[in-house]
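Structure, as structure tokens:
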């Protein structure tokens with residue numbers, strides 16, 4: 001873009017969010033692949049399909065404790081007419097019976113143990129009674145009953161998980177079951193945080209008068225962790241051009257988030273520095289809050305200018321920076337919130353030409369906009385159950401209209417989408 005210094009002047013125009021996202025998401029390539037231990041794989045994104053080298057289970061196994069035998073020989077067995085079979089051995093998990101079962105024979109067997117050759121069923125222990133080297137059976141089982149077939153869970157050569165899978169705990173267990181000690185995953189995006197502002201003070205210390213605690217750092221770090229990013233460094237900087245320039249140009253980050261210093265104040269240096277050191281693609285976006293947000297490139301890093309007001313910072317992260325971090329790491333760029341539709345208890349007012357991020361509460365199954373909605377009122381997001389996005393082409397929603405709510409958490413008693 002042709003850089004226009006908005007300090008102490010204001011924005012002449014603002015870019016539409018959809019145009020900004022179109023540019024952003026077409027300029028993102030997946031990060032390189034790395035191989036990691038399966039123990040560290042939960043939450044990561046697979047970079048390739050995983051194929052089973054062998055079947056699971058690789059042998060016929062018993063589904064319960066009892067006796068392995070020929071199913072057809074149990075026909076007619078009952079409490080009143082038990083049938084005797086000779087016990088010729090036993091099979092335990094990892095310690096199989098090595099012989100063959102012939103007519104009139106049975107092998108004592110435990111759950112998970114290999115089923116001996118010649119047997120085609122397992123009779124539960126509660127339908128039997130041992131007497132010396134004989135077991136009397138008082139029930140019947142058809143052939144195949146209580147026997148897990150080879151490949152019952154996974155067949156050799158089948159694809160068990162696809163590329164792009166966000167690995168869950170059960171997926172890690174599945175990979176372990178096929179012997180995968182390591183997996184190939186997309187590298188996590190390395191994110192640098194530049195927190196600017198002379199008025200900010202780190203938490204954990206007694207702050208001087210006329211300063212405020214830095215709330216954006218912990219919030220952004222939590223959001224980055226949620227989106228599978230990795231904090232490369234966090235730097236709290238004064239409103240100093242040289243310090244900010246150093247933070248923008250040092251190598252090592254895939255994404256740089258600048259919190260504060262993006263608006264029209266005299267000390268808002270970040271936009272002009274991004275333009276000077278790289279390319280400032282967009283500055284000023286038609287959305288509320290977070291209209292002073294911006295995007296650029298410095299070196300190999302995508303740079304996001306996030307307003308210092310906490311709600312604006314959250315909004316700009318979710319709608320812009322988070323999309324990039326998720327897509328860089330192999331995830332969907334879509335917002336990572338569960339959505340539900342609810343009727344509006346009160347109307348929501350917006351303005352044509354900008355996207356509105358409206359915080360809302362859910363009460364008695366209806367949506368209520370939060371009245372205190374200033375960009376610096378971070379507590380409004382904690383009181384909110386979620387937010388409604390009002391498109392640029394709408395003036396809002398009337399009372400009783402059905403709206404889509406992006407939920408920070410699920411309302412009590414509701415289950416997540418499958």
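Results, tabulated for the structure shown:
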quantity: Tally of residues being more than 18 Å from residue 147 (Cβ to Cβ) and either touching a helix residue (DSSP H, G or I) at 6+ places or on another chain (Cβ under 8 Å) or not assigned by TED's automatic domain parsing to the domain that holds residue 127 (or both) across segment 78-94; calculated: 1
quantity: Count of segment 290-317 residues which are closer than 18 Å to residue 334 by Cα and surrounded by fewer than 22 Cβ atoms within 10 Å (Cβ to Cβ); calculated: 0
quantity: Subset of segment 76-93 [assigned to a loop (DSSP other than H, G, I, E, B) and over 53 Å from the mean Cα position of the chain (by Cα)]; calculated: 76, 77, 78, 79, 80, 81, 82
quantity: Matching helices (runs of 4 or more DSSP H) fully within segment 216-289 where at least 3 residues are within 21 Å of the chain's Cα centre (by Cα) and surrounded by 20 or more Cβ atoms within 10 Å (Cβ to Cβ); calculated: 216-226
quantity: Condition broken by residue 102, with the remaining ones in (1) closer than 19 Å to residue 147 by Cβ; (2) surrounded by fewer than 17 Cβ atoms within 10 Å (Cβ to Cβ); (3) at pLDDT below 95 satisfied; calculated: (3)
quantity: Failed item in (1) without any contact (Cβ under 8 Å) to a residue 40 or more places away in the chain; (2) within 22 Å of the chain's Cα centre (by Cα); (3) farther than 23 Å from residue 394 by Cβ, with residue 328 passing the rest; calculated: (1)
quantity: Some residue of segment 156-169 being closer than 25 Å to residue 109 by Cβ and not assigned by TED's automatic domain parsing to the domain that holds residue 119; calculated: yes
quantity: From the options 129, 136, residue that is over 24 Å from residue 55 (Cα atoms), loosely packed, with under 14 Cβ neighbours inside 10 Å and not assigned by TED's automatic domain parsing to the domain that holds residue 322; calculated: 129
quantity: Any hit, segment 45-54, residues being modelled with pLDDT under 95, closer than 20 Å to residue 174 by Cα and not in a strand (DSSP E or B); calculated: yes
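Listed here are the residues, each with its yes/no results for (1) buried (at least 16 other Cβ atoms within 10 Å of the Cβ); (2) touching a helix residue (DSSP H, G or I) at 6+ places or on another chain (Cβ under 9 Å); (3) not in a strand (DSSP E or B).
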site	(1), (2), (3)
319	yes, yes, yes
323	yes, yes, yes
326	yes, no, yes
330	yes, no, yes
333	yes, yes, yes
341	no, no, no
346	no, no, yes
353	no, no, yes
359	yes, yes, no
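The values are calculated or read from the model by the stated rules, or taken from the named source; none is laboratory data. The shown structure was predicted, so the numbers you read here are calculated from the model rather than taken from an experiment. Reconstructed Cβ throughout: ideal geometry from the backbone, glycine too, with neighbour counts over all protein chains shown.
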